[in-house]
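Trainee: My structure is below; once you've seen it, I'll send some questions.
The values are calculated or read from the model by the stated rules, or taken from the named source; none is laboratory data. Worth saying up front: this structure is predicted, and the values here are computed from it rather than measured. Don't worry about glycine lacking a Cβ; one is built from the backbone with ideal geometry, like all the others, and counts go over all protein chains shown. All accessible areas refer to the heavy atoms of the entire protein, side chains included, with ligands and DNA or RNA removed. Shrake-Rupley method; radii C 1.70, N 1.55, O 1.52, S 1.80 Å.
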Amino acid sequence: KTASSDNPTVVQFACRITGFKPASLDCVTWLPEREMKYKLSVASGGNGSVKKDPNLETYLSGTNVTIAAMPDTGYAFAGWSDGSTESNRTVTVESDVSYTASFTACVYRVTLSGNGGAGGAAEVLATYEEDLPKVSPLPQLADYMFLGFFDAKTGGTKYYNADGTGAKVWDKAS
């Protein structure tokens, strides 16, 4: 195994000197594996954070380290760069290694209420922090004009325009 530059260079060595003229020197440097130090780094691919415990610059070979990935609001943990899908796990440090956590936007089933109107789409799938999909058909109510979908019966934030296009990105995480 190759150790990082932080490793001590000599623990024990054996040398053999042969001949008188010219002399040759054969030396071998040994470092017990248990004393080798390695780097473990964790990173987030965005939309979340990561941590390691203990949080050290280098670790002795065989050290167990807990790595954890925490998604931001509206996101879910997707996996680590090594294929693991455990967001909180213990790894054994045996070489220099890096782990990157990936997060994906959550998808929400949004119920659309025509507020007394007939017809119209009943629901849409909205992805967090993305444009809302176009709604069709739109609700109809005699003697009224459809103005859009809001998050409250009166007032509230407008999420859909009168033509069924999104008025803003989906920003609700529940």
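Trainee: Select from the stretch 125-151 the residues that are aliphatic (A, V, I, L, M), open to solvent by less than 60 Å² (accessible area, probe 1.4 Å) and more than 36 Å from the chain's Cα centre (by Cα) and list them in ascending order.
Mentor: Within the stretch 125-151, 138 is the sole residue that qualifies.
Trainee: Here is a further query. Has the stretch 114-124 got at least one residue that is touching a residue at least 24 places away in the same chain (Cβ under 8 Å), under 19 Å from residue 174 (Cβ atoms) and either loosely packed, with under 13 Cβ neighbours inside 10 Å or among the small types (Gly, Ala, Ser) (or both)?
Mentor: No - not one qualifying residue is present in the stretch 114-124.
Trainee: Let me ask something else about it. If a residue must be farther than 30 Å from residue 126 by Cα and surrounded by 14 or more Cβ atoms within 10 Å (Cβ to Cβ), how many such residues does the stretch 76-98 contain?
Mentor: Within the stretch 76-98, residues that are farther than 30 Å from residue 126 by Cα and surrounded by 14 or more Cβ atoms within 10 Å (Cβ to Cβ) number 6.
Trainee: Have a look at 165, 154 and point out the one that is open to solvent by 60 Å² or more (accessible area, probe 1.4 Å), without any contact (Cβ under 8 Å) to a residue 40 or more places away in the chain, more than 30 Å from residue 58 (Cα to Cα) and of a type in the set (Ser, Thr, Tyr).
Mentor: Result of the check over 165, 154: 154.
Trainee: Identify all residues within the stretch 74-102 that are under 27 Å from residue 172 (Cα atoms) and outside any loop (DSSP other than H, G, I, E, B); write none if there are none.
Mentor: 75, 76, 77, 78, 79, 80, 88, 100, 101, 102
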